[in-house]
Each structure stands twice: as C-alpha cells, then as structure tokens.
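Visitor: Got a structure for you, written out below as structure tokens; questions coming shortly.
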Amino acid sequence: MLIAQMSDLHVTAPGTAPTTAYDTNARLAAAVAHLNALVPRPDLVLITGDLVNGPKPGEYEALSALLEPLAIPFRVLPGNHDDRAELRRTFAGTGWMPMDGPFLHHAVEAFPVRILMLDSVVPGSAVGGLCADRLTWLAERLAEQPERPTMLALHHPPFDTGLAFLDTLRCLEGAEELGRLVRSRPNVRAVLCGHTHRQTAVAWNGAHGYVAPSVAYQIALDLAPEPPYRWTEEPSALALHQFRPDGTVVTHLSVIGDYPGREFSRKARNS
Ligand SMILES: [Fe+2]
C-alpha cells in the first residue's frame with residue numbers, strides 16, 4: 001500500500017495579500033497534479049493539517065476548488081490554522097468527516113494498515129493538545145484491534161524535532177501520555193505529523209516518527225541553539241509512505257517540480 005502525505009498547505013483566499021513570498025495556492029495545484037501523475041498512483045492521501053492560512057473568508061472555498069482535481073481518495077485532519085466548523089462544512093457528505101462531537105478524529109479502516117486521524121488542535125493556540133478525552137478515544141480505538149498494523153496521524157509532532165526554536169515552544173501538550181500509549185502498542189507502526197514545515201524522521205517509542213515537509217513553504221534547517229526564523233527557497237514536497245506486507249513503513253521524499261532524470265547504463269549501475 002502506498003500512502004501520500006501532504007501537509008501545511010496554507011491556502012489563501014484569492015485576491016488577498018499573501019503572508020509569505022510564496023504562492024501557496026499554486027503550490028497546492030502543482031502538488032495535486034504531481035500526485036495524479038505518480039506511477040504507481042498512491043492508494044490514499046493524508047493531509048495533516050493547516051489546510052488554510054487563516055482561517056479567513058473564502059479560504060475553504062479555494063481549498064475545495066484546488067482539491068477537486070485530486071483523483072485519489074483523501075482524508076484530512078486539522079492544524080492550528082484551521083477551523084473545525086469550516087472543515088466540517090467543506091467536507092460534509094464525504095462520509096468520513098465526523099459531523100458531531102467536539103473533535104474531528106476518526107479511523108480509516110478500508111486499507112491493510114489502519115490509520116487513526118487525531119485532532120490535536122487547541123483553538124486560538126499554535127501549541128497542540130491531546131486532552132484526557134482525546135487520549136481516551138485513542139486508547140479505546142487501539143484496544144479494539146490490538147494486533148492490526150496501525151498508523152497515527154496528527155498535526156503537532158509529539159517528539160522533539162532538533163529544531164531549537166520549535167522544540168522550545170513544546171509543540172504538543174499530552175505528548176508524554178501519547179508516547180506511553182504508543183510504547184504499549186507495538187502494532188502502532190508510525191506516527192505521522194506536520195506543523196514544522198520541515199521533514200524530520202525519528203525513532204519514537206518503537207514507532208516510525210515522521211514530520212512531513214510543507215507543500216506551501218519550508219522553514220530553514222538550522223540546528224543552532226538560537227537560530228533566526230527563516231523560510232527558504234527549498235521546493236515544496238510531500239511524503240510517500242510504503243506500507244509493506246511485513247509491516248515495515250518506508251518513507252520517501254517526493255519533491256514537487258520539474259527535475260528531469262538522466263538514464264544511466266546497467267554497467268554504471270553495477271559499478
Ligand atoms: Fe503550517
């Protein structure tokens with residue numbers, strides 16, 4: 001099974017002033033075309049939060065129009081820039097968007113690997129949270145199918161990323177409790193996140209911890225203790241997670257853009 005992960009789209013309403021130097025809507029359009037052209041085509045696309053940049057009027061309509069050409073089933077979860085009510089309104093009728101209750105978490109059951117989409121949003125805060133209610137929901141879902149390979153997806157990374165300016169913010173309240181839960185469930189194969197706009201991979205409590213790059217723009221890699229906040233000209237990208245029959249998860253970075261290949265001979269390949 002091949003799962004694509006797009007994160008941090010930061011769609012803006014047409015005609016509004018951009019908050020960055022990047023045309024995030026054009027980048028999402030390019031990402032959708034990129035996904036549709038992949039061979040093999042992914043079975044599922046996970047969009048791990050910050051679908052829009054505001055939220056501001058018109059953004060979710062723009063998001064809807066930009067996702068309309070996507071020819072692959074997809075699921076979304078909210079980030080700190082999103083609005084739950086707007087997400088419900090935008091994806092009402094899909095059959096998978098939870099229309100009741102305080103949170104948007106839900107389970108994706110139709111594939112060889114089970115995926116639990118977690119809602120880590122605390123309205124009005126950039127920091128996420130998994131409160132007792134949300135951790136209980138997760139514990140109950142994990143108890144339902146303790147042997148089945150499972151992935152968790154949430155916007156806020158529960159682990160340190162090595163990026164000092166983000167780690168000092170502490171991305172997610174409830175991270176330790178989530179870590180204990182993951183450690184107690186060896187069938188949890190991966191924890192997929194967004195939020196930091198920079199790809200990071202980490203071994204975390206026995207699972208493959210991963211932060212996807214942003215489709216909209218990347219934050220500079222700077223491992224100094226007190227780095228400046230910088231966006232970079234690095235290209236947008238998404239992740240491709242191969243879930244293999246033996247339960248391993250292999251993650252590839254798929255850079256969006258035109259980077260022509262050059263074939264090389266078998267002789268060179270063997271050298
Ligand atoms: Fe973001």
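Visitor: Explain nothing, just the number: relative contact order of the range 157-214, from Cα pairs under 8 Å at least 6 residues apart, as a whole percent.
Guide: On the way: 84 pairs, mean separation 19.0, N = 58.
It comes to 33 percent, rounded to a whole number.
Visitor: To continue, here is another question. Considering only DSSP beta bridges with both partners in the range 2-270, what is the antiparallel share in %, to the nearest 5?
Guide: Numbers: 20 of 43 bridges.
Of all bridge pairs located within the range 2-270, approximately 45 percent are antiparallel.
Visitor: Further question: Ignoring the sites themselves, what is the longest stretch of the chain with no GluC sites (Glu not before Pro) in a DSSP loop and at most 15 other beta-carbon atoms within 10 Å? Mind showing how you got there, number by number?
Guide: On the way: sites that count: Glu109, Glu147, Glu233, Glu263.
No qualifying site falls inside 1-108, the longest such stretch.
Visitor: For the range 76-200, state the average projected area of the convex hull of the C-alpha atoms over all orientations, rounded to one decimal in nm².
Guide: Working: hull surface 31.5 nm².
Dividing the Cα hull surface by four gives the mean projection, 7.9 nm².
Visitor: Over the Cα atoms of the range 158-245, compute the convex hull volume and normalise it per residue, giving Å³. Walk me through the intermediate numbers first.
Guide: Working: hull volume 8.2 nm³, N = 88.
Here the figure is 93 Å³ per residue.
Visitor: Could you grab the relative contact order for the chain? Cα pairs under 8 Å, six or more apart, rounded to a whole percent. Write out the running numbers ahead of the final one.
Guide: Values: 579 pairs, mean separation 53.0, N = 271.
The value is 20 percent.
Visitor: Ok, one more. Please name whichever of Pro235, His155, Tyr217 sits farthest to the positive end of the charge dipole of the range 144-271, dipole taken about the Cα centre and charges placed at Cβ: Lys and Arg +1, Asp and Glu -1.
Guide: Pro235
Visitor: Farthest toward the dipole's positive end in the range 2-270, which of Ala110, Phe264, Leu51, given Cβ charges of +1 (Lys, Arg) and -1 (Asp, Glu) about the Cα centre?
Guide: Selected residue: Phe264.
Visitor: Test of understanding: express the Cα radius of gyration of the range 2-270 as a ratio to 2.2 N^0.38 Å, with N the residue count.
Guide: Working: Rg = 18.1 Å, N = 269, 2.2 N^0.38 = 18.4 Å.
Here the Cα radius of gyration is 0.98 times the empirical estimate.
Visitor: If each residue's Cβ is checked for other Cβ atoms within 10 Å, how do Thr20, Thr200 rank with the fewest at the top? Spell out each step's value before the answer.
Guide: Details: Thr20 12, Thr200 19.
Ascending Cβ contact count within 10 Å gives the list Thr20, Thr200.
Bear in mind these aren't lab numbers, they're just calculated from the coordinates by the rules spelled out. Here the structure is a predicted model, which is why all the values come from computation and not from measurement. Cβ coordinates were reconstructed from backbone atoms using ideal geometry, including for glycine residues, and neighbour counts include every protein chain displayed.
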